[in-house]
Amino acid sequence: MFHVSGCWLTWNPILETAYMNREETFSHLKENPEVSVLIVGGGINGLGVFRDLAMNGVDVLLVEREDFCSGASAASSHMAHGGIRYLENGEFRLVREAVRERNLMLQNAPHIVKPLPTTIPMFKYFSGLLNAPLKFFGLLDRPSERGSLVIKLGLMMYDAYTGRQRTVPRHKFYSRRKSLAKWDQLNPEVVNTAVYYDGAILQPERLGVELMLDAEAENPDAHALNYVSMVGGSEDTIILRDELTDETYDVRPKLVINAAGPWIDISNRKIGLSTRFIGGTKGSHIVVRHDELRKAIGENEFFFENKDGRIVLIFPLFDRVLIGTTDTPVEHPDDVRCTDEEIEYFLDMVKRVFPSLSLSRENIVFQFSGVRPLPHSSARTAGQISRDHSIEVLSGDWTNLAFPVYSLVGGKWTSFRAFAEQVTDKALARLGLSRQKDTRNLPIGGGRGYPRDEEDARRQIESLSAWTGVARERLKYLFERYGTRAESIATFMNGGTDYILRTLPDYSRREISFLIQHEKIHHLDDFILRRSMLGMLGHLTPGMLEELADVFSNVLGWDAERKAVEVTRTLSILADRHGVRL
Ligand SMILES: Cc1cc2nc3c(=O)[nH]c(=O)nc-3n(C[C@H](O)[C@H](O)[C@H](O)COP(=O)(O)OP(=O)(O)OC[C@H]3O[C@@H](n4cnc5c(N)ncnc54)[C@H](O)[C@@H]3O)c2cc1C
């Protein structure tokens, strides 16, 4: 068993958690290589299962070869959505599940997932009347534009599914006249608009990290390590490599859960399994700084069909606008980038809805690309590939392994909890255990005890300010970023000399120091790209990077050489993957 007896535990009353640090976990692993479950991959699916198993008392180890939520989970459109367009592919079960899970995300992570009014602009009344049923029966193999009538029918079905769990209002349909009065920059050629509600996952990567911290706080036998790869294995042993030191470790699991997303088949090959589960499609996004466009959409996402029938979005992301996405089959998940062609496509598509606004490449502050871990399929278009999830089980004589391997194919941010629940139930049955805890109504991280309304928030901030001595203005920022975890962070900030950063006045040194020490940050880019929104919103400047590197050096004891390496690494990731040149 992978347990903690004889090992020194850090009890941290400020973080309200008990866990081993990285070195302690490795030295424990050396002495106790047995573990009930090994999860490979720390994207949302791996982390979701990690939390559920941990909550149910299982000793579980998760390894992620890079940082948590840096693969497909870092490339999403930020929507917690019921998947209205999946109705067209006849995926009714999936839509019902996703609508329920969207509502649970709004309930359990209210600090990160917010209700999102979603507007569909329509340019035709009748188009698609024939196409929708054809698609439903699999007789149409290309995307095509849908008219108002078809969209109205789809929204009525969507509302019907939301029916009994109404956490968001029903859809509304607007005439051309009303639409143009409501959206003054909208293309006058629209014939109707419809507004319905989904959810916005404002900081998905933070949500993943908070799930992991919750799991470790609940179960001292649950450990998640980033920058650790599964590099091989046979019989009863898996070989792991610490990517920060190059050291290798053996573990002997009873069950392996392959949650490597688009890399599932590649990971299976490392342990001698030849699979073809994944047929990934690439999707890109750009983030633009354009005040008029940001004002034109207000707090609404515009979700619509482009001329080619692809569903695209213009999404309010803090003070910026997120624009996406594409859907192109790819063979290999490494090295996907947002291309010039995709950028042209995005700029063109915004013109279709807001023709009077001039958006150009100069407005782009960030771009990103990732691969959806969809099932391998013979569908004729990417849009027709099922967005459902499944557990593929490999075990028995034809593998040379003493344990079964469950590969988690598909899945979305929105339905991660339901998928994790299904995987956990199967794993518990395999281990001969029964479920003790359900995650359905379990708050996540800073969603615990979240204020019910603005008045409640004001009261919480007021009393926290009195208790910690941290100014109300600062606490507002902390609440916005971390929900009720603001309390732990403010208490930590008050525990030593603190100062506001010169280049980043809404952050303080001790706030960043808390994140470095408690959120498994090892590289500068972990903070810039995944624990904060600085990179994605294009707020970073050369001076800021330098000042942040100084804080990191101070907290982690980096010398000048290591600091320079980290700055160069961050600059190169920003330029290569995100088109950002500081
Ligand atoms: C363009 C795009 C838009 C999307 N939009 C939405 C949306 O709006 N809403 C929504 O709900 N969903 C959306 N999704 C879907 C969702 O983001 C993904 O389905 C989900 O993130 C998949 O998570 P995962 O954990 O399976 O994979 P990943 O996040 O890719 O995690 C797998 C991890 O495994 C690690 N790994 C690989 N090999 C190894 C190894 N040998 N050892 C250790 N670790 C390894 C990788 O580094 C990676 O971090 C979108 C996806 C894309 C690509």
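For this structure, a couple of remarks:
- Looking across Thr328, Thr339, one residue alone is of a type in the set (S, T, N, Q), open to solvent by 20 Å² or more (accessible area, probe 1.4 Å) and away from the ligand (no atom under 11 Å from the Cβ). It is Thr339.
- Cross-chain or 6+ apart pairs with Cβ under 9 Å, the range 550-566 first and in contact (Cβ under 8 Å) with a residue 12 or more places away in the chain, then open to solvent by 80 Å² or more (accessible area, probe 1.4 Å) and of a type in the set (Lys, Arg): Leu556/Arg562
- Some residue of the range 567-576 being surrounded by fewer than 20 Cβ atoms within 10 Å (Cβ to Cβ) and either over 26 Å from Gly370 (Cα atoms) or in contact with a strand residue (DSSP E or B) (Cβ under 8 Å, 6 or more places away or on another chain) (or both): no
- When we screen Gly432, Gly447 for residues that are out of contact with any helix residue (DSSP H, G or I) (no Cβ under 8 Å at 6 or more places or on another chain) and not aromatic (Phe, Trp, Tyr), the only hit is Gly432.
- Taking (1) farther than 23 Å from Leu104 by Cβ; (2) buried (at least 16 other Cβ atoms within 10 Å of the Cβ); (3) at pLDDT 95 or above; (4) of a type outside the set (Gly, Ala, Ser) in turn, Val393 satisfies each apart from (2).
- 1 or more residues away from the ligand (no atom under 16 Å from the Cβ) and surrounded by 16 or more Cβ atoms within 10 Å (Cβ to Cβ): qualifying strands (runs of 3 or more DSSP E) within the range 167-274: 172-175, 192-201, 222-226, 248-258
- Arg206 modelled with pLDDT under 95 and under 29 Å from the mean Cα position of the chain (by Cα): no
- Enumeration of residues in the range 313-360 that are in contact with a strand residue (DSSP E or B) (Cβ under 9 Å, 6 or more places away or on another chain) and either of a type in the set (Lys, Arg) or part of a helix (DSSP H, G or I) (or both): Arg320, Arg337, Glu342, Ile343, Tyr345, Phe346, Leu347, Met349, Val350, Arg352, Val353
- Test: residue in the range 279-287 that is hydroxyl-bearing (Ser, Thr, Tyr) and within 12 Å of the ligand (Cβ to nearest atom): yes
- Against the conditions (1) touching a strand residue (DSSP E or B) at 6+ places or on another chain (Cβ under 8 Å); (2) open to solvent by less than 20 Å² (accessible area, probe 1.4 Å); (3) among the aromatic types (Phe, Trp, Tyr), Tyr499 satisfies every one except (2).
- When Val353 is tested against (1) open to solvent by less than 70 Å² (accessible area, probe 1.4 Å); (2) under 20 Å from the mean Cα position of the chain (by Cα), just one condition goes unmet, and that condition is (2).
- Selection of first residues in the range 291-303 that are farther than 14 Å from Pro117 by Cα and of second residues that are open to solvent by 30 Å² or more (accessible area, probe 1.4 Å) and among the charged types (D, E, K, R), restricted to Cβ pairs under 7 Å at least 6 apart or on distinct chains, gives the following pairs, ordered by first then second residue: Arg294/Asp319.
- In a residue-by-residue description of the range 402-412, the property of being more than 11 Å from the ligand (Cβ to nearest atom), out of contact with any strand residue (DSSP E or B) (no Cβ under 7 Å at 6 or more places or on another chain), open to solvent by 20 Å² or more (accessible area, probe 1.4 Å) and modelled with pLDDT of 95 or more applies to no position.
- Residues located in the range 55-95, provided they are over 20 Å from the mean Cα position of the chain (by Cα) and within 24 Å of Ile521 (Cβ to Cβ): Val60, Leu61
- Every pair of residues 6+ apart whose Cβ atoms lie under 6 Å, when the first sits in the range 62-76 and is among the basic types (Lys, Arg) while the second is modelled with pLDDT of 95 or more and part of a loop (DSSP other than H, G, I, E, B): none
- Qualifying residue in the range 438-457 (condition: touching a Leu at 6+ places or on another chain (Cβ under 8 Å), open to solvent by 20 Å² or more (accessible area, probe 1.4 Å) and not aromatic (Phe, Trp, Tyr)): yes
- Selection over the range 237-283 of residues that are closer than 23 Å to Arg577 by Cβ and either over 27 Å from the mean Cα position of the chain (by Cα) or among the hydroxyl-bearing types (Ser, Thr, Tyr) (or both) gives a count of 2.
- Residue count, the range 28-57 (criterion: within 14 Å of Lys426 (Cβ to Cβ) and acidic (Asp, Glu)): 1
- Among the residues of the range 342-371, those that are over 22 Å from Glu189 (Cβ atoms) and within 13 Å of the ligand (Cβ to nearest atom) comprise Glu342, Gln367, Phe368, Ser369, Gly370, Val371.
- Those residues of the range 460-470 which are at negative phi and either in contact (Cβ under 8 Å) with a residue 12 or more places away in the chain or surrounded by 12 or more Cβ atoms within 10 Å (Cβ to Cβ) (or both), in sequence order: Gln460, Ile461, Glu462, Leu464, Ser465, Trp467, Thr468, Val470
- Looking across the range 48-76 at every residue that is open to solvent by 10 Å² or more (accessible area, probe 1.4 Å) and in contact with an Asp or Glu (Cβ under 9 Å, 6 or more places away or on another chain), the one that is farthest from the ligand (Cβ to nearest atom) is identified as Gly57.
The values are calculated or read from the model by the stated rules, or taken from the named source; none is laboratory data. Since the model is a prediction, treat every value here as computed from it, not as a measurement. Cβ sites come from the backbone with ideal geometry, for glycine too, and all protein chains shown count toward neighbours. Just the protein is used for accessible areas: all its heavy atoms, side chains included, with ligands, DNA and RNA removed. Shrake-Rupley method; radii C 1.70, N 1.55, O 1.52, S 1.80 Å.
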